[in-house]
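Enquirer: Just dropping this structure here.
The values are calculated or read from the model by the stated rules, or taken from the named source; none is laboratory data. Note that the coordinates shown come from a computational prediction; the quantities given were computed from them, not determined experimentally. For neighbour counting, all protein chains shown are included, and Cβ atoms are generated from backbone atoms with ideal geometry for every residue, glycine included. For the accessible areas, the whole protein counts, side chains as well, though only heavy atoms, and no ligand, DNA or RNA atoms are used. Shrake-Rupley method; radii C 1.70, N 1.55, O 1.52, S 1.80 Å.
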Amino acid sequence: QVQLVESGGGLVQAGGSLRLSCAASGRTFSSYAMGWFRQAPGKEREFVARISWNGGSTYYADSVKGRFTISRDNAKNTGYLQMNSLKPEDTAVYYCAASRAYIGHTSARYDYWGQGTQVTVSS
C-alpha cells in the first residue's frame, strides 16, 4: 500500500509558477513509477507527466511540454511537478499517482492516488 499526499497548489496569475509536491508513505516509493494527472471542471481526468522509478525517464503531455518539469527525490519519498508559464487552461485539480508495474499515460493503470490539490490560474 502506498499513501500519496499532494501539496503546493494555489492561486497564481497567468505566467506565474507553482511547484506541486507528492509525499509518499508506505511501501518503498522508489519502486514505483509516478504520474501527474489533472481534472478541470466538467472534463475528464487527463495525463500531465510521468517519471520512471529512478527518474531516468520522463514524458509529458504536449499541452505542458516545455513548461512543466516532473522530478522525484526517492531519498525523501517525494515527487514534484514544477509548473512554469502557467495559463488559465492549466486550472484544474492535480493528482499524483503511483504504479508498481506500469509507466505510461493511462490513469486506470495506476494503483495509488492522492486526494488532489487545486491549481487556479487567473488571467
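Enquirer: Run through the DSSP bridge list for the chain and note the antiparallel percent, rounded to the nearest 5.
Expert: Restricted to the chain, the bridges split so that about 90 percent are antiparallel.
Enquirer: Follow-up. Does the chain classify as rounded, prolate or oblate by the C-alpha gyration tensor (a ≥ b ≥ c root eigenvalues; a/c under 1.5 gives rounded; else a/b over b/c gives prolate, otherwise oblate)?
Expert: prolate
Enquirer: Suppose R0 equals 25 Å; then what is the FRET efficiency for Asp111 and Ala40 from their Cβ-Cβ distance, rounded to the nearest 0.05?
Expert: Efficiency computed from Cβ-Cβ geometry: 0.55.
Enquirer: With r defined as the distance between the Cβ atoms of Asp62 and Ala23 and R0 fixed at 22 Å, what FRET efficiency is calculated, to the nearest 0.05?
Expert: 0.20
Enquirer: Let me ask something additional. Residues of the chain: accessible area per residue at 1.4 Å, in Å²?
Expert: On a per-residue basis, 50 Å².
Enquirer: Quick one: compute a quarter of the convex hull surface over the Cα atoms of segment 28-97 and quote it in nm².
Expert: Value for segment 28-97: 4.7 nm².
Enquirer: Straight-line reach from Lys65: which aspartates and glutamates fall under 15 Å, measuring Cα to Cα and dropping same-chain residues less than 8 apart?
Expert: Glu46, Glu89, Asp90
Enquirer: For segment 61-109, just say rounded, prolate or oblate: build the C-alpha gyration tensor, square-root its eigenvalues into a ≥ b ≥ c, call rounded for a/c under 1.5, and beyond that prolate if a/b exceeds b/c, oblate if not.
Expert: Oblate, since a/c reaches 1.5 and b/c is not below a/b.
Enquirer: Now for a separate question. Please state the relative contact order of the chain as a whole percent: Cα pairs under 8 Å, 6+ residues apart?
Expert: 36
Enquirer: Give the carbon-plus-sulfur fraction of the accessible surface of the chain in %, rounded to a whole number; probe 1.4 Å, heavy atoms of protein chains only.
Expert: 46
Enquirer: I would also like to ask the following. Please report how far the C-alpha centroid of segment 51-104 lies from that of segment 1-22, rounded to the nearest whole angstrom.
Expert: 11
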